[in-house]
Structure formats: structure tokens, C-alpha cells
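Student: Structure in C-alpha cells, see below.
The values are calculated or read from the model by the stated rules, or taken from the named source; none is laboratory data. In this text the structure is predicted, and so the values were computed from the model without any measurement. Glycine also receives a Cβ, built like all others from the backbone with ideal geometry; neighbour counts cover every protein chain displayed.
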Amino acid sequence: MPVPRRAAVIGAVACWAVATGYFAATGYRLDGLVPPRLPAAALLALGALAGGSYAAGYRVSPVAIIGGLVLSAPVLFEPAGAPDPSLGRGIDSLSLVIGAYLAGILVAIEYAARNPGRIRAWFTPRTIAIGVAGGVLHAVVVRAIYASVRHAPIWDGSVILEPIVLLAVSYILVGQLLVGAVTAVMLVRHRLVTPLVALTALFSWLSYRTWLSLEATRELGATPGISPQPDALYVALWFVPLTIALVLGGLEYLLRARVSAGLPGSGSVAE
């Protein structure tokens, strides 16, 4: 196992173990710290990013990740006897997931800063065209299904009159474009199919659950509550499906590369 990969595994286990020991010693809640729960997965990801990036020679990313964890732990996590434990658990989980996502972005930025030539080589005109086409297609399909499930129009022009709503729509639109672009590039340029299959299955399942919920509400003659529907989580928390696509794509790439390496005359899985 190459050094950065081994360091990532060690870092993931060490981060989770130290955090769990810290929470237990200081009386903080241990909810979700057993894999595959979200807090545990986020801690494993943070440790892997810190360990792998340090072994690769990065210094800003690992220091920022570990420093952020140390400084935020007493603030983000409440003692076991704190009121409203359900809300506290939700905030803890979301904070860790967002932290892991931001840590991934930080590592990517430091990688780009250290390898500008390789980044320029990735963004060829064909790759950009594939990404734009995939992003637009994904955004249109997701919005069409989202609106259809709710019996609503695909576009409501009144949002341009509300700055806050316009900001939220822009955030969602950028996310949907990015998810579609990354998935399309992995599929067309690298022939990685698991991200597309996984995201299609995930959004289809969430949309079906939403349809069942709304149909039951309509039959009762009631109005939907303020709680977000399942498919809204895919739309609003778009960094989660993006992470799923990247992780599955990376695993498929590594698996196919390993299989290809064992076959005589085999080429790379990348184009």
C-alpha cells in the first residue's frame, strides 16, 4: 500500500479513536460515533484527509483539519445532559459532515496549487463541454421530477423578486450543475458507471418516498408540513450526493486499475 494511502488509513482510525476517547472522557454524547453512522464516517474522512495529505507532503491542509477539530470540539458538541438531545445530535452530525466536505475542498485546493500543470491538462475543451452538458441535464431532470412530484410548475419567475430566495436557488442550482458535471465527466471520460447508477437510484428512491408522503397528505385533505421532504435533502444537501459520486468513482477506478494491472496487455481505465 503506497505511503499516502497507508497514512490515510492510519489517520482515519486514529482520528475516530481519539475523538471517541475524548467524548467519552469529557462526558459528551457518543451518538453516531459507531460506523457507519454519519458522525463516525465524517471523523474517519477527516482523519484520512489529514493523514493522506500530510504523507503526500502537504502542510496547510492537515494542520487546518486537525486544528479545526481541536478548536471546534468543545463548541459543536454538547454534554450528555444538555437539553433537546435530538436537535443537538442533528447539529453535531451536520457540522461534522460539512467539516469533512470543506476539508476535502481544502485538500483539493492545495493539490491544485501544487500541481497547476496537471490541473490545466484535466480541463480540456472536451472535458468542459461534457461537464457543462452533464450539469445542465442533471439540473433540468432533477428540477422536472421535483416539480412533478409536487404538481408544481418547473419554474416560478417570482423568485427573482426575492433576494434571499434567489440566493437559495443559486446555491441549489450551482450544486446540481456540479453534481451532474462531475458524474458526467467520470462516466464519459473515465467510463466509471457506479456514480451514475448510485445517484440515479438514490434520487429515484427519495422521489418515490416524497410522492408517497405527498399523496397520503392529499388524500387526507391536509397541507404538507414544514419538514423537508426526502428529495429536498438531495437537492439542498447536494454535497452529499457529490461526495457519494466521488467516493464510488474513486473506488471503482482503483478496483479497475488493480484488475487491469493483473491482466497482460491491459491499459488504463482512464481515457
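Student: Can you tell me how many residues in the range 169-194 are crowded, with 21+ Cβ neighbours inside 10 Å and farther than 16 Å from residue 139 by Cβ?
Tutor: Going through the range 169-194 one residue at a time, the tally reaches 2.
Student: Could you check the range 152-271 for helices (runs of 4 or more DSSP H) lying wholly inside it with 2 or more residues that are modelled with pLDDT of 90 or more, in contact with an Asp or Glu (Cβ under 8 Å, 6 or more places away or on another chain) and not hydroxyl-bearing (Ser, Thr, Tyr)?
Tutor: 194-219
Student: If a residue has to be modelled with pLDDT under 80 and closer than 26 Å to residue 247 by Cβ to count, how many in the range 47-104 make the cut?
Tutor: So the count comes out to 13.
Student: In the range 3-25, which residues are closer than 16 Å to residue 58 by Cα and either of a type in the set (A, V, I, L, M, F, W, C) or touching a strand residue (DSSP E or B) at 6+ places or on another chain (Cβ under 8 Å) (or both)?
Tutor: 3, 7, 8
Student: Something else about it: May I ask you to list pairs of residues, at least six apart or on different chains, whose Cβ atoms are under 6 Å apart, with the first in the range 240-260 being farther than 20 Å from residue 100 by Cβ and the second being assigned to a helix (DSSP H, G or I) and of a type outside the set (Phe, Trp, Tyr)?
Tutor: Close Cβ pairs (under 6 Å, with a partner that is assigned to a helix (DSSP H, G or I) and of a type outside the set (Phe, Trp, Tyr)) amount to 252/194.
Student: Quick one: count up the residues across the range 99-127 that are closer than 28 Å to residue 58 by Cα, in a helix (DSSP H, G or I) and free of Cβ contacts under 8 Å to residues at least 40 places away in the same chain.
Tutor: 13
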